[in-house]
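J.: Quick one: the structure is below, and I'll ask about it shortly.
The values are calculated or read from the model by the stated rules, or taken from the named source; none is laboratory data. Please read these numbers as outputs of a predicted model, since none were measured by experiment. When we count neighbours, we look across all protein chains shown, and the Cβ atoms used for this are built from the backbone with ideal geometry, even at glycine. Just the protein is used for accessible areas: all its heavy atoms, side chains included, with ligands, DNA and RNA removed. Shrake-Rupley method; radii C 1.70, N 1.55, O 1.52, S 1.80 Å.
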Amino acid sequence: MPEMISRRAFLKGSAAAACTVAASGLTAAASTSPSGQQLCTLLDISKCVACEACVDACQEVNADKYPQPQKPFPKMYPSRVPVADWSEKQDVRDRLTPYNWLYIQTADVEVDGEAIEVNIPRRCMHCVNPPCVKLCPWGSARQLKSGISVIDPDICLGGSKCKAVCPWHIPERQTGVGLYLDILPSLAGNGVMYKCDRCYNRIAEGELPACIEACPEDVQQIGPRDEMIAKAHALAKEIDGYIYGETENGGTNTIYVSPVPFEAINKASEYGKGRPPLKQAADSMASANNIVAAMAIAPIAGVAFAAGKLFKQTQKNA
Amino acid sequence: MTTAATISKPDPGRRYLYLFTMFFLALSGFGQMPIFKRYYIADIPGLGWLAKFYITHYIHYLGAIILLALCTYYITEYFMFNIKKRKLTFSGYFNTAVIFGLIISGLLLVIKNFANYHYPNSLIIFLDLCHISLVMLLLGYGLYSLISKKRWTTPR
Ligand code: SF4
Ligand code: SF4
Ligand code: SF4
């Protein structure tokens, strides 16, 4: 049974190895799976009953990471700078917020005349090459060796670039907290960005992410990426289902297997701020990374042009 | 290698290409920070691209490619044609060192942007700060050089 690998195998293998990593501090928690691969989750969404035990568990174990903003907020200039304040709405559960890193998306999908309800736990996808991390101008978003992407609340200035470049616009901002308060709060920065950090601190201690542990239906499994992808394909074959997350944005570490097509889920779901669609997403980092070869060739071209000039000059002088 | 007898004359075309490249590198580089939208600059017609992170990122890479070609061109040309006739001024050494630092820190950041490259976080912050400090130095010194007409080389 595919779900059996979820807890036991993870605890014995990946997390046991991860146990040797110091438990505190972001960099210390750079645990990886025993194979050296990124850690990946597989979600069998046909099993999710929308009980929200995972949402509760996430809120409980991560509560001490939530923002505690100082009020009143410093006045920010220019006036167009938006204040993002979720501190009075901490109980919102039907979308992503700085205080809710996981929500259950629900869709009533009709397939071949049959109505099917699907529930999909939604949070950060933990991309293999995460643009939120790679394009963060300050190095406050980072990717651990395990592939987990984390935003450091002590360094983040809340400029929201990570959200802009994320294909799913996952990170959510809270104003009035973080480093910007100590620099130029009126002129630069706007708080801190928050999102699922895959319970990196629990993983470093050999525990499962809270949402996986709490789920009564064993919706999620976690393990090395190759293994999870093989299982996702086997499961998709078994249920004649569909896969999302394997190739999106160049590959993610969140693989959904659904009994109904994702296009149908998209059509039947409500999307908006904090509720990202399960849309197609091309590899965000690819276009720039693809021209890096030219950076290697450029110096050769420079030398060749200069040599050409020398050649012409000597011809002229001859 | 024998050096040619004549001095290679500064080519205005290439000088403008250098300035043009540096201008777009600096602009797209600052565009990596979320400031152009906040401060209405991206609202100016024709400058909307400054708030589009993937576009500024791509332009920065294109600029880096041209800069690398230009730098190796200038270095090779200097060693082939001019080394016996002209020497680097303080300005020349300073600019060269700063651009070298920008290229090294930039290339390390480019490598980081590939999948499965995990630098220690302190290194990323160091490289980011290095890159931005060096460009400020280059721009500041460039302005001073422009006003006081400083040249990179002088006759020996
Ligand atoms: S889903 Fe978005 S926030 Fe999460 S790792 Fe990918 S780019 Fe970053
Ligand atoms: S992995 Fe942890 S932080 Fe992420 S959604 Fe699950 S419980 Fe929340
Ligand atoms: S705990 Fe499991 S079954 Fe319940 S909502 Fe979360 S993923 Fe679905």
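J.: Step by step: first the residues of the range B:48-59, then only those that are facing chain A (nearest Cβ under 8 Å) and surrounded by 19 or more Cβ atoms within 10 Å (Cβ to Cβ), then the one that is farthest from B:Ile132 (Cα to Cα). Which residue is that?
T.: Checked the range B:48-59; the qualifying residue farthest from B:Ile132 (Cα to Cα) is B:Phe53.
J.: Could you look through the range A:174-204, keep only residues that are within 13 Å of ligand 2 (Cβ to nearest atom) and part of a loop (DSSP other than H, G, I, E, B), and pick out the one that is farthest from the chain's Cα centre (by Cα)?
T.: Of everything passing the filter in the range A:174-204, A:Cys199 is farthest from the chain's Cα centre (by Cα).
J.: Only one of B:Thr72, B:Thr89 is more than 11 Å from the chain's Cα centre (by Cα) and under 18 Å from B:Gly140 (Cβ atoms). Can you tell me which?
T.: Exactly one of B:Thr72, B:Thr89 is more than 11 Å from the chain's Cα centre (by Cα) and under 18 Å from B:Gly140 (Cβ atoms), namely B:Thr89.
J.: Scanning the range A:147-176 for residues that are more than 9 Å from chain B (Cβ to nearest Cβ) and of a type in the set (Asp, Glu), which turns out least open to solvent (accessible area, probe 1.4 Å)?
T.: Top of the filtered list is A:Glu172.
J.: Further question: Return yes or no: is A:Val111 under 23 Å from A:Lys273 (Cβ atoms) and either in contact with a Pro (Cβ under 9 Å, 6 or more places away or on another chain) or more than 16 Å from ligand 3 (Cβ to nearest atom) (or both)?
T.: Here the answer is no, as A:Val111 does not meet what is asked.
J.: A further question on this structure: State all residues of the range B:119-156 that are surrounded by fewer than 17 Cβ atoms within 10 Å (Cβ to Cβ) and within 12 Å of chain A (Cβ to nearest Cβ); if no residue qualifies, say none.
T.: B:Pro120, B:Ser122, B:Leu123, B:Phe126, B:Leu129
J.: Restricting to the range A:52-88, give me the number of residues that are in a loop (DSSP other than H, G, I, E, B) and closer than 20 Å to A:Thr254 by Cα.
T.: 1
J.: In the set A:Ala204, A:Ala236, A:Ala188, A:Ala232, which member is away from ligand 1 (no atom under 16 Å from the Cβ), open to solvent by less than 40 Å² (accessible area, probe 1.4 Å) and either touching a helix residue (DSSP H, G or I) at 6+ places or on another chain (Cβ under 6 Å) or at pLDDT below 95 (or both)?
T.: It is A:Ala204.
J.: Also, I was wondering about something else. Could you please tell me which pairs satisfy a Cβ distance under 8 Å, a separation of 6+ or placement on different chains, a first residue in the range B:137-154 that is in a loop (DSSP other than H, G, I, E, B), and a second residue that is open to solvent by 40 Å² or more (accessible area, probe 1.4 Å)?
T.: Qualifying pairs under 8 Å: B:Lys150/B:Tyr144; B:Trp152/B:Leu88; B:Trp152/B:Thr96.
J.: Hey, can you tell me all the residues within the range A:261-291 that are within 9 Å of chain B (Cβ to nearest Cβ) and either crowded, with 17+ Cβ neighbours inside 10 Å or in contact (Cβ under 8 Å) with a residue 24 or more places away in the chain (or both)?
T.: A:Ser284, A:Met285, A:Ala288, A:Asn289
J.: Under 12 Å from the mean Cα position of the chain (by Cα), of a type outside the set (Asp, Glu) and either under 20 Å from A:Gln37 (Cβ atoms) or within 16 Å of ligand 2 (Cβ to nearest atom) (or both) - does that describe any residue in the range A:152-161?
T.: The answer is no; no qualifying residue exists.
J.: Looking only at residues in the range A:131-146 that are in a loop (DSSP other than H, G, I, E, B) and facing chain B (nearest Cβ under 9 Å), which one is nearest to the chain's Cα centre (by Cα)?
T.: Result: A:Leu144.
J.: Can you tell me which residue in the range A:61-73 is nearest to the other protein chains (Cβ to nearest Cβ), limited to those that are surrounded by 14 or more Cβ atoms within 10 Å (Cβ to Cβ) and over 18 Å from the mean Cα position of the chain (by Cα)?
T.: Selected residue: A:Phe73.
J.: Still on this structure, I have one more. Filter the range A:110-130 down to residues that are part of a loop (DSSP other than H, G, I, E, B) and at pLDDT 95 or above, then give me how many there are.
T.: Within the range A:110-130, residues that are part of a loop (DSSP other than H, G, I, E, B) and at pLDDT 95 or above number 7.
J.: Further question on the same structure: Can you confirm whether the range A:242-258 contains a residue that is closer than 30 Å to A:Lys75 by Cβ, among the small types (Gly, Ala, Ser) and modelled with pLDDT of 95 or more?
T.: No, the conditions are met nowhere in the range A:242-258.
J.: Inside the range B:73-111, can you point out the residues that are within 13 Å of chain A (Cβ to nearest Cβ) and at pLDDT below 95?
T.: Within the range B:73-111, B:Tyr73, B:Tyr74, B:Ile75, B:Thr76, B:Glu77, B:Tyr78, B:Phe79, B:Met80, B:Phe81, B:Asn82, B:Ile83 qualify.
J.: Report yes if some residue within the range A:102-109 is open to solvent by 10 Å² or more (accessible area, probe 1.4 Å), more than 13 Å from ligand 1 (Cβ to nearest atom), among the charged types (D, E, K, R) and part of a strand (DSSP E or B); otherwise report no.
T.: Among the residues of the range A:102-109, at least one is open to solvent by 10 Å² or more (accessible area, probe 1.4 Å), more than 13 Å from ligand 1 (Cβ to nearest atom), among the charged types (D, E, K, R) and part of a strand (DSSP E or B), which makes the answer yes.
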